[in-house]
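The values are calculated or read from the model by the stated rules, or taken from the named source; none is laboratory data. The model shown is predicted, which means the values in this text are computed figures rather than measured ones. Here the Cβ is made from the backbone with ideal geometry for all residues, glycine too, and neighbour counts use every protein chain on show. Keep in mind that these areas ignore ligands, DNA and RNA; they rest on the heavy atoms of the full protein, side chains included. Shrake-Rupley method; radii C 1.70, N 1.55, O 1.52, S 1.80 Å.
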Amino acid sequence: ILFCSSVLSPEALVINDPDFQHEDLNFLSRSQRYEQAIRKSALMVMKLREHGIADPDEIYWFKSFIHRGRPEPLDLHLGMFLPTLLTQATPEQQDRFFMPAWNLEIIGTYAQTEMGHGTHLRGLETTATYDPATQEFILNSPTVTSIKWWPGGLGKTSNHAIVLAQLYTQGQCKGLHAFIVPIRQLGTHEPLPGITVGDIGPKFGYDEMDNGYLKMDNFRIPRENMLMKYAQVEPDGTYVKPLSDKLTYGTMVFIRSLIVGDSARSLSRACTIAIRYSAVRHQSELKPGEPEPQILDYQTQQYKLFPLLATAYAFHFVGAYIKNTYHRISGDINEGDLSELPELHALTAGLKAFTSWTANAGIEECRMACGGHGYSRCSGIPDIYVTFTPSCTYEGENTVMMLQTARFLVKSYTQVSSGQQVTGMVSYLNDLSRQRIQPQHVAARAVTVRLNDPISLVEAYKARAARLVEAAAKNLQAELNHRKSKEDAWNRTSVDLVRASEAHCHYVVVKLFTAKLSEISNAAVRAVLTELCLLYALYGISKNTGDFLQAGILTDAQIIQVNQHVKELLATIRPNAVALVDSFDFHDVHLGSVLGRYDGNVYENMFEWAKKSPLNKTEVHESFHKHLKPMQAKL
Amino acid sequence: MALLEPSKYSQGSVLGSVNPDLASERQTASFSVEELTVWLDGSEEHTQKRRAVVEAIESDPVFSRENQYFQSQNERYEAAVRKAVHLQKKMHEMGWTESGPEFKYIYRAVSGDIAFLLHRVFIRSISVLGSDKQIAKWIPLATQHKLIGSYAQTELGHGTYLQGLETTAVFDITTQEFILNTPKISAMKWWPGDMGRSATHTVVFAQLYINGKCYGVHPFIVQIRSLRDHSLCPGITAGDIGPKMNFENVDNGYLMLQNVRIPRENMLNKFCEVQPDGTYVRQGSQKINYFTMTTVRISLISDEVIIPLMKACTIAIRYSVVRRQSKLKPGEQEAKILDYQTQQEKLLPQLAAAYAFHFINDYLQELFNRGYSEIQKKNFNTLPELHAFSSGFKAMVTQYSTSAVQICLQACGGHGYSSLSGLPSLYTRIIASCIYEGENTILLLQTARFLIKCFRAASAGQPVPPSVTYLAAVKPGKCPAKNKLEFLSPDIYTEAYQHMAARLVRSTAAKLQDLIQSGVKKHDAWNQCTVQLAQAAKAHCHYITVKNFAETVEKLKTEAGIQKIMKHLCDLFALHGIFSNAGVFLHDGYVSGAQMDMITASYLDLLAVIRKDAVPLVDAFDFTDKSLNSALGSYDGQVYQRLYEWAQKSPTNKQISPAYERYLKPLLHNTQSKL
């Protein structure tokens, strides 16, 4: 009911297709994994067109199924190069580049990040200097730190890149602009003269992706290769300014909303594996004389896994909410109404950080809950983890994201303080003005919290967020009062500000989960999801009791009750645990885990898997003849 | 005391000079780095010895880890075997012995990247569990590497719970042999190191059967591979269990036994013996077994946990003063990322923890040595405390350090994810320590069992070990601190920790009691309290760590500069713990809401203070560049140049990838017709 999949069933298309079969990737070297990925990507493009799949959602599912949720070398071509051409190229440029790129004569990537510069875009050092004599831009990587570093597909795959560089014309720097730069010779795929390009080497995961480096030495491109839909450089070097830059917010919101969805999916996969395995694994004894119980019957195991299961469901709803909101307001954006954009932008920044941090830690907890076998690559969790964990950093480093949300929160708080009303998710700040006079903490008014009512718990989270936003804003003001620099004061308050953002995001997640419950028509489904929602909310309180106690939102006695409720919910959810992960509906092929198989035949399949290990290729390993035997002979 | 010449650190460096951003950090150190290093090592002699060992190992090309990040599992395994074999030669050349003072530095110098680690466990298990006769027979063969041993306890379906093992050893009186079998797939031995490809022998733990009666789990020496051509012995199926998150150097293996016969003398029989007529005899105390586990847990804390944590801190902190990002003040240069409060708040508590754990390791060593001398006098009274402490601290230190290394990795932005940063491999290695030698949750529950027992005993006026007398002695009360500065007093925060730990143990004991009195069966009551029990055990270990850190600083009075900075780190470690676990301190009102705000303020103030000494504090760990093996963390801070040069060595850049000819070219040229 909750995870309605596409009618087309890309799963079936891929599973039944012999072209997409290959050896278990865990046994392949990085070069081999890259090669497999390229092979599948090439096939994928042809099959997409063969099957006439053009809907973005369907393409996404098809792609993620072929690559089993892993990155692939054409990601940047499909996800950044083509869309950027569509949004930033002039019609003439689209004529020149779009169809060749669509037909993959041109494979492109998006080269923004440099070795020494990430989040702070204005700090990028690559230069593009306009030469009116030849009507060309001269691209340079003036320092080691300016070498483009990390772009996916750049290392080995692409023959073009959209390069972000500081534009210099008529002796003046005009800031960052995007340029289409050919980097490899069509036909031979050799780097062009003036271009140094290669793979950045092994990483924590992402084995199939050729993240690359790019160094340019006096590399010339025609004037027409600057993306000029907005800003322009005229033949004589005159610079024409763009109209507005708020529009780029839209893309960021969209990509970050994808990460929220990915947090939900990755955590769901890890939970599926850990919970199924915990039902198969037996260990020790709970009752003297009885057979070893399923480890899922231990309270500590339930305490590790069920809150994560609840979190996976919560994030699923949050992801869907952001996506829907984005689609709803992008209509307004096209009509020039940008009023809702700042809040959505601030909210997605924080939720991207909040969900990716939580899922990141949660995946690791799932792995550790599988004991030693979780550490084997056959469990599939190591792979989920290394594929997911960079999302804490890319598309906006999480701490920086939290501080962006905080900026919005402080701004809203300031508005409220000056007597204005704020709307949307931050409207709880309006309540602050009413108790402004109290010198004590905001929520000192006793909220009567009903611990078995999600709606009441939303109020508790709201009070906590309000208290932490207010505390951060006040601390910021105190710093401002005895420091000259705004930046310095901000920096000295940033730990408080991040806490405030986290509390805000936590509130939003509890609120959205709770709101979802009333939409579920099936009574049994609603009942079990209400339990999960309560668990999510109560567990969150038990992990952050300090905030709730300090603000006087909950008493010591209530905290004891919260902990007790959490434990009772664990026992209530236990009988439905496997059904709740089965509902995520991951196919075994997609799950890629011997421990998490649907049929639970774990041990025999671990043995089958291990036999294929590269170390087992020969009965006696060659190192015996090379090292062991000579040593034994000598001693 | 001469400072080390920087050139010593920059071996293999691409550039000679130190990055000015890093050099400037070293000029303002408030203490002598060399003195701190010596103090951490224990004495100047230790420091010299350690450096000599490291130098000898690192100057030998066989031990190079230069291309490690580019190697496949097969290559890593082969290199580890090559190194292990070469190490024997090296030790002989250098005159190092297993019992010598140099030995403990060898593992650090090779960064654990070596084979035959389980061979050592094989030797130790025979020494502990074998009779004198067995020791005389097997130990010389093993020490001379005439055979290579492993230690096969864990099974595919069974880990922590030893009684659940399913492998069988049936005594056959007629032939005076044991017949070993793997009766089903879940009984297959799984995970033992060195067993996948290298070992010729292994100690197998199996259920002993005599005349149809089961006598429980016992150890047996089983030959698994031919000493002549290394082929598998009859009845043996063995191999490598496949790729893991790390430990590519180790051939963790599986083993299946089908009617494998071994002579009666191969059962390790120091404590239990099967006589020729099938009579089973138990002799001596088995308590010593616990002592072996304790030894292993304590030694892994320093080798596998604290050193990697110190390395991760070194890499992340050095990189954070080289990396510049955004502006703190308009018009100025981009700021070093370590100048951001959020970055300090990520890294400096981890640095403080590395020091805290270094000292707790000293504490455990001392406890261990005392216990050991008692045990030699056949006094086993200290064993329960030693066992409970080694379990609890193993769990707490591994869990804390694992998340600390992860924080270090993620604090390095995108470059942290590059293998060349060294952080992914540190992380994937340290995380295994949360599981092996006892899964952490289970270990914490063992500690909790001990604490509950002691609490009950102490409440009843019975004697308990001094480390836990506080459990029954703490009275209800309020934290007396009146302003944020008073929270920099070790007495204030140590007492807060003590109060909190005692409260958690006490309330859990009461809860258990309530449940049992209301008619819940004992084991059910225990299971229903396990979440709280684990929390109480962690709280106890946290308290002891803070207390021990404070006492260590207290004893340091003579060395002013070092004492001062260590005091700051101790304060930071303690206040960070309160800040991050505010709820348990606020609960019952020991710390008030207003006091919590003071604690937060003091904690954040400390970050800025320690920031100034951050680089000298990691320099004092004294890791060479080769040992860090990190493009981000080297002594000279030439981060970007090194990253660029190392990347070019990647096989993906050297070999001609067949991918272009096979797939890309057709894609680039021929698709149009097909589309």
In the A-B interface, the accessible area buried, summed over both sides, Å² (probe 1.4 Å): 10900 Å²
In nm, spacing of pseudo-spin labels at A:Val240 and A:Gln421 (7 Å Cα→C-beta vector): 4.5 nm
Nearest-20 debye value, the protein assembly as shown charge dipole, Cβ charges on Lys, Arg, Asp, Glu: 2000 debye
Per residue accessible area of the protein assembly as shown, 1.4 Å probe, in Å²: 38 Å²
Interchain or long-range residues, amide H under 5 Å from A:Ala111's placed H: A:Ile162, A:Val163, A:Leu164
Descending semi-axes in whole angstrom, ellipsoid equivalent of chain A, from the Cα gyration tensor: 42, 38, 23
Within 10 Å of each Cβ in B:248-254, the average number of Cβ atoms from other chains: 3
Residue pairs, from the table A:Lys612/B:Lys90; A:Lys612/B:Lys311; B:Lys311/B:Lys336, whose Cα atoms sit over 27 Å apart: A:Lys612/B:Lys90; A:Lys612/B:Lys311
For the protein assembly as shown, average projected area of the Cα convex hull in nm²: 50.1 nm²
Virtual paramagnetic centre 7 Å along Cα→Cβ of A:Gln561, amide N under 13 Å, in segment B:479-516: none
Vicinal HN-Hα couplings computed from phi for segment B:605-617 (Karplus, 6.51 cos²θ - 1.76 cosθ + 1.60; Hz; Gly/Pro x): 4, 4, 4, 5, 5, 6, 3, 5, 9, 4, 5, x, 5
Alpha-carbon radius of gyration plus Dmax, which is the widest Cα pair, for segment A:289-438 in Å: 20.8, 72
Distance from segment B:235-263 to segment B:310-362 (C-alpha centre basis), Å: 43 Å
Under Karplus coefficients 6.51, -1.76 and 1.60, residue-wise ³J(HN,Hα) of segment A:615-628 in Hz, glycine/proline x: 5, 9, 4, 10, 4, 10, 5, 4, 5, 4, 5, 6, 10, 5
Zone of A:Ala279's modelled label, taken as backbone nitrogen in segment A:564-586 under 18 Å from a point 7 Å along Cα→Cβ: A:570-586
Relative contact order of chain B, pairs being alpha-carbon contacts under 8 Å that are 6 or more residues apart, as %: 16 percent
With eigenvalues of the C-alpha gyration tensor scaled by 5 and rooted, segment A:510-635, Å: 50, 24, 12
Nearest-0.05 FRET efficiency for B:Lys557 and B:Gln48, computed from C-beta distance (R0 25 Å): 0.45
For chain A, size of Cβ-based charge dipole, Lys and Arg +1, Asp and Glu -1, in debye: 1440 debye
Inter-chain shielding of B:83-94 (mean C-beta neighbours from other protein chains, 10 Å cut-off): 2
Ranked packing of A:17-28, B:542-553, most packed first, by mean Cβ within 10 Å: B:542-553, A:17-28
Förster-model FRET efficiency, 22 Å R0, A:Asp19 and A:Val589, C-beta, rounded to 0.05: 0.95
Förster radius 35 Å - calculated FRET efficiency between A:Ala133 and B:Gln333, Cβ distance, rounded to 0.05: 0.55
Built amide H within the under 5 Å cut-off of A:Met226, gap 5+: A:Ile180
Difference of contour (0.36 nm per residue) and Cα-Cα distance, B:Ile173 to B:Gln88: 26.4 nm
Accessible carbon and sulfur surface of the protein assembly as shown relative to its total accessible area, %, 1.4 Å: 54 percent
Segment B:620-638 residues near the modelled B:Ala23 label - backbone nitrogen below 13 Å, point 7 Å along Cα→Cβ: B:636-638
Helix-derived mean residue ellipticity, 222 nm - over chain B, DSSP H n ≥ 4, -39500 (n - 2.57), to 500: -17000 deg cm²/dmol
Inter-chain shielding of B:410-423 (mean C-beta neighbours from other protein chains, 10 Å cut-off): 6
Candidate lysines for bridging to A:Lys352, where Cα separation is under 21 Å - those fewer than 8 sequence places away on the same chain excluded: A:Lys246, A:Lys323, A:Lys411, A:Lys462, A:Lys511, A:Lys516, A:Lys543, B:Lys346
For B:Arg261, residues with placed amide H under 5 Å, excluding near neighbours: B:Leu180
B:Lys654 versus A:Thr196: modelled label distance in nm, points set 7 Å from Cα along the beta carbon direction: 1.9 nm
Sorted peptide list for A:106-117, B:224-235, A:132-143, criterion being average Cβ within 10 angstrom, highest first: A:106-117, A:132-143, B:224-235
HN-Hα J in Hz across segment B:543-548 - Karplus 6.51, -1.76, 1.60, θ = phi - 60°, x for Gly and Pro: 4, 4, 5, 5, 4, 5
